[in-house]
Structures are given as structure tokens and as C-alpha cells.
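Asker: Structure provided below as C-alpha cells; questions to follow.
The values are calculated or read from the model by the stated rules, or taken from the named source; none is laboratory data. Keep in mind that this is a model prediction, so the values were computed, not measured. All Cβ positions, glycine included, derive from the backbone under ideal geometry; neighbour counts span all protein chains shown.
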Amino acid sequence: MRFHKGDIVEVNFLFADGRLKVHPALVVSNDELQEVEGIIYLALISSKATFHQYAFSIEDGMANFNFAKPSYVKCQIIVANVERDIYRKLGIMKLEFVEKVIEKIKQSIF
């Protein structure tokens, strides 16, 4: 298993209008799910500050690298991928912030 909860990866996202675009994403699923099902759940990361009520702002120090622009986890945009669809790992978000993102996802979707 190459990817773990908290990893920030790069993956192609399919948007509702049919466009594909490479974006960073946060791995939000646990290792067991990936091992058993082969599925990795990812939350989109974007520099576009739309839908603030669903966005989790990524501040300097939350990960082991800093984004070039202000960036947000889009907690309403979650996709299921498999390992082969992930291009590369960019870094890791600290677990305490990953847990906050997961809580924001629950509030945003459910």
C-alpha cells in the first residue's frame, strides 16, 4: 500500500461538466478500506475559494510542505479512486488536521 490517510496526492478529477483536471487531493479513507476493497477516498484540494461553508482552509504548517497559493480542501467533493489512478504523492497533512477535515466532510455532506 503506497498511500495512507493524510497523504496529499495528485489525481485526475472528473467534474460534473465532464472535464478532467489534475488536482491535489487529500486521502481521507483508512488503510484497512484500501487493503480490503482497493479503494481510496480523496477530497479535492483547490486554490479557488468558492462555497466557503464547505471549505477547509489549509494554513502553513498543517502539512509537511506549503502550497504555492492559498488552498482549501473542498469537503463536498469526495471521489473514490484506486491506487493506479494517483499520479504521485505531494506530501502529508498532520493527522490532527486530517481529523478536522473528516469532521467538516461529515458536516458538509451528511
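Asker: Has segment 63-72 got at least one residue that is farther than 14 Å from Val9 by Cβ, free of Cβ contacts under 8 Å to residues at least 40 places away in the same chain and touching a Lys or Arg at 6+ places or on another chain (Cβ under 9 Å)?
Answerer: The answer is yes, given that some residue of segment 63-72 is farther than 14 Å from Val9 by Cβ, free of Cβ contacts under 8 Å to residues at least 40 places away in the same chain and touching a Lys or Arg at 6+ places or on another chain (Cβ under 9 Å).
Asker: Of everything in segment 42-65, what is within 16 Å of Leu90 (Cα to Cα) and either touching a strand residue (DSSP E or B) at 6+ places or on another chain (Cβ under 9 Å) or not in a loop (DSSP other than H, G, I, E, B) (or both)? Give them in sequence order.
Answerer: Residues satisfying the conditions are Leu42, Ala43, Leu44, Ile45, Ser46, Ser47, Ile58, Met62, Ala63, Asn64, Phe65.
Asker: Also: Looking only at residues in segment 16-39 that are surrounded by fewer than 13 Cβ atoms within 10 Å (Cβ to Cβ) and of a type in the set (D, E, K, R), which one is farthest from Gly6 (Cα to Cα)?
Answerer: Asp17
Asker: Among the residues of segment 3-18, is any assigned to a strand (DSSP E or B), within 21 Å of Ile109 (Cβ to Cβ), in contact with a Leu (Cβ under 7 Å, 6 or more places away or on another chain) and modelled with pLDDT under 95?
Answerer: Yes, segment 3-18 has at least one match.
Asker: Sticking with this structure for a sec: Would you confirm whether any residue within segment 21-32 is part of a helix (DSSP H, G or I) and of a type outside the set (Gly, Ala, Ser)?
Answerer: yes
Asker: Moving on to the next point. Considering only segment 23-46, state which residues are at pLDDT 95 or above and touching a Lys or Arg at 6+ places or on another chain (Cβ under 8 Å).
Answerer: Across segment 23-46, the qualifying residues are Val27, Val28, Ser29, Ala43, Leu44, Ile45, Ser46.
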